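Worksheet: the structure to be examined is printed underneath.
The values are calculated or read from the model by the stated rules, or taken from the named source; none is laboratory data. Only a predicted model underlies this, so the values are computations on that prediction, with no experimental measurement involved. Here Cβ is always computed from backbone atoms with ideal geometry, including for glycine, and neighbour counts include all displayed protein chains.
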Amino acid sequence: MVIVTGDSEPSRPRMDVVTRNSPQRAPPLTCRERLPAWLGPLGGRRLPITLATIPATIVPLALFTGGIGLMRTVFAGPAEVFADSWWATIGPTLLFPVWAVALGWATFAYPQRRQAAESRG
């Protein structure tokens, strides 16, 4: 259950997630650069760049190869894929290579942005 309450900024409502035992503040929609407090002694420390970039490198590779394989299957397959209702199911998955390139680009830029932010202080 989500309860929306007012915050000091009227344009941005505060959202509290109510769990079984206690209310918790919902995380912001931005990318976190610190480990969450519930990790105990690790909580509050800066997230290592490699911990974020290694999985973010593997996922675009999987999306790209899977998307290319799917494109080959669809375009080499029977023509009724385009005329049938299957197009609504298969069509969005043909964008996997585009999404993979976008995620790869963001992954490439993330370490550079973090290193520039750390050098500024």
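Which of the residues belonging to the range 46-71 are farther than 15 Å from LEU35 by Cβ and among the β-branched types (Val, Ile, Thr)?
THR53, ILE54, THR57, ILE58, VAL59, THR65, ILE68
Conditions tested, residue by residue: (1) acidic (Asp, Glu); (2) assigned to a helix (DSSP H, G or I); (3) at pLDDT 80 or above.
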{"residue": "SER11", "(1), (2), (3)": "no, no, no"}
{"residue": "LEU51", "(1), (2), (3)": "no, yes, yes"}
{"residue": "ALA62", "(1), (2), (3)": "no, yes, yes"}
{"residue": "THR89", "(1), (2), (3)": "no, yes, no"}
{"residue": "THR93", "(1), (2), (3)": "no, yes, yes"}
